[in-house]
Each structure stands twice: as structure tokens, then as C-alpha cells.
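Inspection log for the structure reproduced underneath, given as C-alpha cells.
Readers should treat all values here as calculations from the given coordinates under stated rules, not as data from a laboratory. Bear in mind that the values here come from a model prediction, so they are computed numbers and not experimental data. Note: ideal-geometry Cβ built from the backbone for every residue, glycine included; neighbour counts use all protein chains shown.
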Amino acid sequence: MGFYLSKSRTVMHNLKPKLGSLGVMFHQSSGIASFYHHQESQSGLIKNLGAGSCNRPTLFTIWRSEHFKAEKQLDCKQNCGGPQVLNFPGGNVKFTSELDFLPEGLEERVHCYRILDENGQLTSSNFVQISDELAVRMYTYMAMLQTMDTIFYEAQRQGRISFYVTAIGEEAINIASAAALQLDDPVFPQYRESGVLLWRGFTLQEFANQCFGNKNDNCKGRQMPAHYGSVKHNYFTVASTVATQVPHAVGAAYSLKMDRINACSITYFGDGGTSTGDFHAALNFAAVMEAPVIFFCRNNGWAISTPVGDQFRSDGIVVRGQAYGVHSIRVDGNDALAIYSAVRAARQMAITEQRPVLIEALTYRGGHHTTSDDSTRYRSAEEIEWWRVAQCPVSRFRKWLEKEGWWNSDAETELRASLRKQVLHAIQVAEQVEKPPVADIFTDVYDAPPSNLHEQETTLVEAIEKHPKEYPPNFSC
Ligand SMILES: Cc1ncc(C[n+]2csc(CCOP(=O)(O)OP(=O)(O)O)c2C)c(N)n1
Ligand SMILES: [Mg+2]
């Protein structure tokens, strides 16, 4: 902990001048941090903890002590603060005789950190430099995600798969954030972040197998298409019950903290996800427990057909972080360089300072919500077109690569042709592979399956035998 604290002060010192003007909201040291500092200087206790292996009971004792300290502060509020000041947990509060209500928001909306403008032109040098190799790799994966989405979407329209969800318009969010993380950082996705898994090495064939639910699908055909998950890639399985993954990420982060693992968890969610109770509980829990988690909100303007204006009246999501005592930043979600820098800084802060960070990326859901939706029923074609063309994150990044001399039209033609071939091949292969055995439906939950499951299995087998034409070919136990 002594390590975290000394690092914390250094990181804050370095980051403040860099990011302070960019809409990052820095907060005073929390009461818990000051208490640790106090304890550290008094007894060296925290230093000893940091040096040795994890000592859970002692750590819990420290947290309990903090609560006692808060209660003590409350007890002495009459005496300790003096007439003009209330010494309240978290810091002194000044008294005023003005009957002033806080306004509903800041006079000006929180600024949005951006490095690349729409023409792929650098607007500042205040970003984490990336090599030509990494930049080209990021662009290749953004193009791969675009190609996968386009072709898989068409495959659903052709009736070859039953469902699909694209990340169109959010390619920079997917790939640039993934590039700024490490494999050790567990990912808790919503459902529009397949690019993060792609970046981590899940192959096009594995994506196709999952969408076709064939016997090579690592989810054994039990999940809806596009509900990927992979232990190998530290990517928790998608659950489309909105925002349920957010508290899970906090729990995982807290576990990383307890085990002193040099990593943070990250959870992605949409603007709609922030309208759930889970989001608020998770943010508060992470702040209080100082969990190393990155909350990555993809504010894409819509929660299916509900625009953000009908969801909340706050200045987006970024201000909610501040309300919970969490460092927060607003980023241009269509600017890969800005996202990469913000996630790199957030990761460093989360790990070295052992605290949560919130990122709100402003973007636009370029496609329909899913293949079950027709977004032209509730938003104009012009609006969609403007975002898809003028704000496209992939072409913006490409323009920058070209200006740097790292990309050209020949490379582009070759890449696009190759990607199309690879995705089509993956689909053709996946389509030929038989479905997993029906018996798989009944395994992997119970060590000893209960009798009602056995009964259901018998009933299903009988139904298949009686009505074979009602089931796909090769669909047998
Ligand atoms: C708990 C819960 N409530 C409602 C739904 C229905 N639903 C599915 S997606 C969605 C919108 C989510 O919007 P957002 O979080 O902004 O993500 P986006 O689809 O825009 O990426 C809703 C309401 C759900 N799946 N789970
Ligand atoms: Mg949304």
C-alpha cells in the first residue's frame, strides 16, 4: 500500500498538467487514502503489508478502522470544526447563510478529449505516441471488425444465422481501448465489444463457430449468436441483460486488489446501461472499496429506440463519476488516438493508485440496434448517414495513417480483399460443421444432474425421434 501511495502521488503529479485541461475531473484524496497515509507515517504498518504477501485479515481491520474514524468525526462535529466549519467524514464543510441550491449542472458541458479531427489531422501533441507498427495493426483490426460485421450481418439477413449485433461506428472504441489494455486485465463486456475479443486473438473462425452454434463453438451452442466468451482471452461471456456485468467487473477488480495482481478489470456498457441500478451500485461500491476497475461507457446516443435525451438530464455520464467520487473523463469515441491515450492513462491510474476510473466515449450507434431492429423507424436516414460518413472512426484513423506515410490505397485494396476472403471462408467452414450433441444441453451445470433434468432429456429425445423433420439434420443425442 505504501507503494500504491507513493506511486499515486507521482502519477497524479504527472497526469494533472497533462490531462487537467482535457475535461478530467480530479478529486481531493479520499478520506481512506489520507487515513492510509496517516497510518503509514505513524507506524509503517501499511509498508509492511505492501512488502509481504497478502494479509487479508489485517487489511480488513484497516478498513474497519477507517469506518471507526468516520464515526468519531461525526461524534465530535460540535467541537472539532469551529463555528464556520463542520468537520465531516471526507473533509471539512464550510457553513453559509446563503440559501443556494446547486445548479443541475455546470455552466458549460464537460469538454471532450480529442486528438484527431474529422480529417485525420492532429489537433495536439498531448497523446501517447504509438509506433507505425502498432498504428497499422490497430487499423487492420478496425477494418477486420468492420468486415466481419458487414458479412455476418448479411449472413443473418440470408437466414444462415439467427441473430447478430454489429459494432458499426464503434470500431475505434473497440480496438483502441483493447490495444491499451493487457491480457491480464479481465474484460466484462456488454454485447457491442466483439472487437476487444478480436484484438485479443479470438479468431474469425471462432467467431463464426459461435454464431453458427456448431460443435466447435467454445460456448457449445448454448449462447445466442454474438454472445461470445473466452477464458483464454480473459473475456467474460456476454450477457445481454443490460449492465449486469458492471458489478461483476467491480468484484473482479476487488479480487485483483486483494491478490495484489498488477492488473485492472474493465467493463463496457452503453448509455442505456447507466439507467440501471447495477451501474450506480457498481460505481459507488468501486469508489468506496477503491477497486482498480475501468468503467467504459459507450455513449452512442441511443438505447434501442430511446434517445439519450429521454434517458437522463445530466451532462451525459461523465458527471456521474464525479458524483460518486470517481476520476472521470469524456473522450471522442470516434478518435482512436484519444481513446488509446485515455485508456492507457486510466489503466495506470487504476493500478498504481488502486482506484476506479470512468471513461465516457461519445459516439454513435451506426447500425441498427441488432438484427431484430429497424432504426429508420425512429431516427432519420440523414442523421445515420452523417455519423457513418463524416464521423467514421475507421476512415478518420486511416487518413491519419496516410498523412504519416504508413498507409496507401494499394495497401487498402489488398487488405480489404484479404479480409473479405477470410471472413467468407470462416462462415463457409462454420456452416458445414455439425451442431453439438443435444446431450450437451444438460451438462456442465450440476455435478450430479437432478431427476427433473433427466426427465426433460428423455422427453426431448422422444420428441426428436417422433418428429425428426421438425429439427435440424444431425440434431441428435
Ligand atoms: C436489464 C435489461 N433491461 C432491458 C433490456 C432490453 N434491452 C436490450 S438492449 C437495450 C438498450 C441498451 O442500450 P445501451 O446500453 O445504450 O447499449 P447500446 O445497445 O446502445 O450499445 C435494452 C433496453 C435488457 N436486455 N436487459
Ligand atoms: Mg446506447
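Some notes on this structure:
- Each of Asp217, Asp184 has some number of other Cβ atoms within 10 Å of its Cβ, and from fewest to most they run Asp184, Asp217.
- Karplus-derived 3J(HN,Hα), 6.51/-1.76/1.60, for each residue of the stretch 94-107, Hz, glycine and proline x: 7, 8, 9, 9, 6, 8, 9, 8, 5, x, 6, x, 6, 4
- Each other residue within a Cβ distance under 12 Å of Pro449 adds +1 if Lys or Arg and -1 if Asp or Glu, for a net charge of -4.
- Computed from phi, the 3J(HN,Hα) profile of the stretch 227-242 under the Karplus parametrisation 6.51, -1.76, 1.60 (θ = phi - 60°) reads 9, 6, x, 7, 4, 4, 9, 6, 10, 5, 5, 4, 10, 7, 5, 4 Hz, with x in place of Gly and Pro.
- Taking amide H positions as modeled 1.01 Å from N, with prolines and chain starts lacking one, the residues under 5 Å from Val85 and 5 or more places away or on another chain are Phe95.
- Fewest-first sequence of Ser380, Ser255, Ser177 by Cβ atoms within 10 Å of each Cβ: Ser380, Ser255, Ser177
- Over 25 Å between alpha carbons, listed pairs Lys232/Lys435; Lys220/Lys469; Lys220/Lys257; Lys435/Lys469: Lys220/Lys257
- Each residue of the stretch 120-132 is assigned a 3J(HN,Hα), and the resulting list reads x, 8, 5, 9, 6, 9, 8, 8, 6, 5, 10, 6, 4 Hz, derived from the Karplus form 6.51 cos²θ - 1.76 cosθ + 1.60 (θ = phi - 60°), x at Gly and Pro.
- Ranking Val461, Val438, Tyr364 by how far each Cα lies toward the positive end of the dipole of the stretch 319-476 (charges on Cβ) leaves Tyr364 at the top.
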